[in-house]
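Take a look at the structure below.
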Amino acid sequence: MTHKRWIGFIQAIGIAVSLCIGAQAVAAWDHPANRARILISELRLKEAEPWLQGALSDPQAALEYGKLLLFSTRYEEAARILERPDVAAIAQGAQLGQLARDSAQAVAGAFVVHDIHHDVIVRMQDDHDQPLVPFISEVIDASRSSLRQGLGVELPRPMYVELVRDHFSLAKMTGLPEDAARTTGTVAIANWGRVTMVSPRAMSAGYPWMDTLAHELTHIALGMGTRDRAPLWLQEGVAKTFEKRWRRPDDYDPYPSPHDIAAAGISKNLARDFDDLGPSVALLPSPTHALVVYAQVESFLRFLLSELGEQMLVELIPRLREAGPSEGVSEVLASMTGRDLQAWQQAWRAWLTGTPRPVPSELSRERGPDALVLRDVRLGRLLLERGHGAAAARLLQTAEERWPNDLQIRYLLAKASLRHGDVDSAWNLLRQAGPPMAPHAEAFSLLGRMREERHDGVGAEYAFFRGLSLNPWSSECACEAKPPPALPTDAARSWLCEAARNAPRY
């Protein structure tokens with residue numbers, strides 16, 4: 001899996017805040033540190049700071065100020081406050097001080113870009129990643145709108161994004177164990193009011209980095225709206241539901257179906273109770289377990305939305321934020337609908353298992369491509385790169401017979417056909433690209449070029465976008481399948497194209 005938010009670390013150090021009601025709520029505001037804590041949990045950092053200035057001699061106030069600096073990505077300043085002996089004597093202070101120090105070291109000498117127009121600040125360990133900033137801003141801008149409408153929450157301004165080179169830096173800046181990140185394929189985490197993500201430059205095949213960013217932004221919004229009171233199942237269910245709403249839908253969005261995966265996971269005893277998910281999906285034992293858990297929570301949330309309406313979350317979030325210390329989602333749902341969480345889960349399971357569903361290939365026991373197919377694909381790609389199109393086609397046709405739904409094989413065959421001037425064959429190989437074929441970045445880009453040649457401007461544009469959203473550092477995707485020195489007409493894509501051709505990957 002690609003995109004998870006590690007909230008376990010936050011829970012472990014007690015950063016999650018429960019707002020008391022009645023007299024308890026009034027008392028909570030008596031101390032500046034308590035006032036600031038509540039404001040910081042809502043990312044109202046500018047409002048929180050005046051409550052702490054002048055009170056920093058108090059260790060609790062200093063602790064909250066250290067958190068505020070951490071949320072503002074002012075890591076060196078945060079470390080100095082949190083490492084103060086009286087603050088470090090508090091367990092939270094010591095743990096956060098180490099995190100702030102590790103973050104400061106990870107971004108030492110980093111390059112910072114502030115997109116003033118979109119109010120986005122991107123810090124990157126390698127300045128070669130600069131051409132990604134316009135696209136990051138585009139995702140954030142579109143996500144602001146979808147989250148405002150769907151959750152009733154406004155993302156903070158500025159929005160901070162940290163681009164790192166590898167899992168080691170991701171772990172240092174978030175507290176997530178590096179081996180856990182590698183085991184489950186975690187590439188991005190939202191905590192401390194910002195998104196930290198591994199640059200797509202770090203992976204030769206890329207990853208769905210735009211949807212991943214939107215997923216993490218949803219975590220930020222939900223944390224703000226509930227003061228970090230949303231349980232893990234709700235966090236991930238909402239994030240999975242909203243990770244694609246920032247953009248135009250396509251055929252791949254409902255595939256594989258979360259309902260089918262959840263049902264198969266239940267039948268194969270891979271599913272987990274919502275109160276037994278652990279501190280984070282990123283800490284599950286395998287990518288398969290993570291896949292099933294993501295499908296469970298997304299399926300359940302979609303069921304709730306279908307039963308209660310799309311505005312259900314807009315009502316639930318402020319109610320959860322203002323709920324008493326002993327109340328949670330179950331009590332809030334009961335007050336809204338007359339049915340608690342357990343009753344809704346029972347209704348969902350009955351609906352889910354009451355209809356025969358196919359077992360997705362991701363959970364079936366079908367073997368993937370055998371060693372011979374993998375060998376032929378690898379050799380076919382090498383032969384194509386060296387100009388031997390006919391020999392490549394012979395190998396790839398054999399591979400396609402054994403694995404007809406592999407879009408990468410179709411892409412390579414289309415390239416071989418184009419080498420021989422057979423445009424119609426190339427077009428027929430790619431024009432039906434879609435489920436059950438897994439997405440392939442370069443295939444989308446080549447499809448975009450062919451659609452452009454057929455004067456299908458809308459179809460071409462979206463195919464180019466899909467390629468970029470999967471592997472922006474592939475020159476084929478960044479350059480819209482144009483041969484050098486041709487460049488895309490869009491300025492941002494032209495900049496990225498030149499960088500993809502000239503800047504090496506990590």
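Residue separation times 0.36 nm, minus the C-alpha to C-alpha distance between residue 126 and residue 492: what's the value?
129.9 nm
Take the alpha carbon gyration tensor of the range 31-106, find the square roots of its eigenvalues, order them as a ≥ b ≥ c, and report rounded if a/c is under 1.5; if not, report prolate when a/b exceeds b/c, else oblate.
It is oblate, given that a/c is not under 1.5 and a/b is not larger than b/c.
Work out the FRET efficiency for residue 386 and residue 251 from their Cβ-Cβ distance, taking R0 = 41 Å, and round it to the nearest 0.05.
The calculated FRET efficiency here is 0.75.
Determine the shape class of the range 111-353: with a ≥ b ≥ c the square roots of the Cα gyration tensor eigenvalues, call it rounded for a/c under 1.5, and otherwise prolate if a/b is greater than b/c, oblate otherwise.
prolate
Could you name the lysines in cross-link range of residue 415, using Cα to Cα under 29 Å and dropping any fewer than eight places away on the same chain?
482
Stretch residue 371-residue 428 to full length: gain in nm at 0.36 nm per residue minus the Cα-Cα span?
That pair, residue 371 and residue 428, stretches by 17.8 nm at full extension.
Report, in degrees rounded to the nearest 10, the 0 to 90 angle that the Cα long axis of helix 491-502 makes with the longest principal axis of the chain.
70
Going by a ≥ b ≥ c, the root eigenvalues of the Cα gyration tensor, does the range 371-502 fall in the rounded group (a/c under 1.5), the prolate group (a/b larger than b/c) or the oblate group?
Note, shape of the range 371-502 comes out prolate.
Describe numerically, in nm with one decimal, the distance between label points set 7 Å from Cα along Cα→Cβ at residue 461 and at residue 364.
3.8
Would you please name the trypsin sites (Lys or Arg not before Pro) within the range 391-471 that are DSSP coil residues with at most 15 other C-beta atoms within 10 Å of their C-beta?
On the way: sites: 394, 402, 410, 415, 419, 431, 449, 451, 454, 466; in loops: 431, 454.
Loop-located and lightly packed - 431, 454.
Once both labels are modelled 7 Å past Cα along the beta-carbon direction, what's the residue 351-residue 267 spacing in nm?
2.0
Could you pull out every one of the lysines with an alpha carbon less than 19 Å from that of residue 172, ignoring same-chain neighbours closer than 8 positions?
4, 67
With a cap of 10 neighbouring Cβ atoms within 10 Å, and only residues DSSP puts in a loop, list the GluC sites (Glu not before Pro) found in the range 334-439.
Of the GluC sites (Glu not before Pro), the ones in loops of the range 334-439 whose Cβ has at most 10 other Cβ atoms within 10 Å are 366.
Taking the Cα centre of each part, how many Å lie between the range 119-187 and the range 46-96?
Using only Cα atoms, the two centres lie 24 Å from each other.
With each label point set 7 Å from Cα along the Cα-Cβ vector, what nm distance links residue 31 and residue 108?
Calculated label separation equals 3.5 nm.
State the antiparallel share, in %, of DSSP beta bridges confined to the chain, rounding to the nearest 5.
Bridges in the chain that DSSP calls antiparallel: roughly 45 percent.
Write down the Kirkwood hydrodynamic radius of the range 311-363, to one decimal in angstroms, obtained as one divided by the mean of 1/r over all alpha carbon pairs. List each step's numbers first, then the result.
Values: mean 1/r = 0.0768 Å⁻¹.
Radius from the Kirkwood sum: 13.0 Å.
What percentage of all Cα-Cα pairs in the chain are separated by more than 45 Å?
It works out to 17 percent of all Cα pairs.
Using the alpha-carbon atoms, what tilt in degrees (0 to 90, nearest 10) does helix 91-106 show relative to the longest principal axis of the chain?
So the helix axis and the longest Cα principal axis differ by about 40 degrees.
Per residue of the chain, what 222 nm ellipticity follows from adding -39500 (n - 2.57) for every DSSP H run with n ≥ 4, rounded to the nearest 500? Numbers along the way, then the final one.
Details: 26 runs with 292 residues, N = 506.
When only DSSP H runs of four or more count, the value is -17500 deg cm²/dmol.
What is the distance in Å between the Cα centres of the range 300-334 and the range 214-267?
Taking the Cα centre of each part, the range 300-334 and the range 214-267 sit 15 Å apart.
Only the coordinates and a few stated rules stand behind these numbers; no lab work does. These numbers were taken from a predicted model, which means no experiment stands behind them. Cβ atoms come from the backbone with ideal geometry, glycine included; neighbour counts cover every protein chain shown.
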